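All remarks here apply to the structure that follows.
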């Protein structure tokens, strides 16, 4: 009699286990858990938040001007960004009221008032190594660096000369010295020179030298790469080659931008690679993929990565990122 009762119970437990697995299979397979933005890191570790492309021109800029509010894009994420010890993103436009359009109809230039939004959001370091940073020429590029510096926001990936462009930005994150470097595979016709402003040299041997130099001054090295193919959800071979070579040379974390969609996040040896975080603030509202980004919250302690969390970002019709 007991055996007859036991068999249905075992059968029912098996079915329930299977249902649970299929309902949660994505989380089970995913190496990095997706979390709510309100969750806090444990063990008093230092935290860094990394986000995708920030474009404050075109329709985004027009809406801010119309509303008279240059913090508008960050109203739903400001508290989240400021909760970290450091916030990093890719600035996808020059910030200037000067310069001449040397690009195409897709050229960007943001009103200097957008600095209000960047400081409100709490950004500490921004990459200026991307394909739009020279859209309005040298003058707008110089203005961008000046405007960021005056606001107390560090920039990486470019400079007034080659020495500054390749010099790492070093920040203290709860006792860990973190170095930031940035590169773009585009815009290599305006690389910084001995006496000329421009972006960093996207050359693997140069990148390795920069990493080794940064390691001598810091405990932890972060590289931002503006690379890959637009709207492709899978990284390409060149991205993988450069990312893994950088980690082999001593980098700890690789953050990717440019595809405008999210690509893979993976662990490689003792480092992590986020091939693309997608958009963060952008007016590309034509698809679900371009209005879905990723924020990466990285906890570090004793110069090591303790935890990596993926946080989904959704961009509204008013170009505001949220959760």
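The values are calculated or read from the model by the stated rules, or taken from the named source; none is laboratory data. Small disclaimer: the values here were computed from a predicted structure and weren't measured. A quick note on method: Cβ atoms are made from the backbone with ideal geometry, for glycine too, and the neighbour counts reach across all protein chains shown.
Please give the strands (runs of 3 or more DSSP E) falling wholly within the range 211-323 in which 3 or more residues are in contact with a strand residue (DSSP E or B) (Cβ under 7 Å, 6 or more places away or on another chain).
On the way: elements: 220-226, 253-257, 265-268, 271-274, 279-281, 292-301, 304-315.
Hits in the range 211-323: 220-226, 253-257, 271-274, 279-281, 292-301, 304-315.
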Find the residue count for the range 258-286, including only residues that are in contact (Cβ under 8 Å) with a residue 24 or more places away in the chain and more than 23 Å from residue 47 (Cα to Cα). 8
Is it true that residue 144 is closer than 27 Å to residue 247 by Cβ and either in contact (Cβ under 8 Å) with a residue 24 or more places away in the chain or under 19 Å from the mean Cα position of the chain (by Cα) (or both)? no
Given the options 164, 185, name the one that is over 27 Å from residue 45 (Cα atoms), in the same structural domain as residue 117 (by TED's automatic domain parsing), in contact (Cβ under 8 Å) with a residue 40 or more places away in the chain and surrounded by fewer than 19 Cβ atoms within 10 Å (Cβ to Cβ). 185
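Only one of 152, 158, 103, 122 is modelled with pLDDT of 95 or more and out of contact with any strand residue (DSSP E or B) (no Cβ under 6 Å at 6 or more places or on another chain). Can you tell me which?
Numbers: 158 fails: out of contact with any strand residue (DSSP E or B) (no Cβ under 6 Å at 6 or more places or on another chain); 103 fails: modelled with pLDDT of 95 or more; 122 fails: out of contact with any strand residue (DSSP E or B) (no Cβ under 6 Å at 6 or more places or on another chain).
Of 152, 158, 103, 122, the one residue that is modelled with pLDDT of 95 or more and out of contact with any strand residue (DSSP E or B) (no Cβ under 6 Å at 6 or more places or on another chain) is 152.
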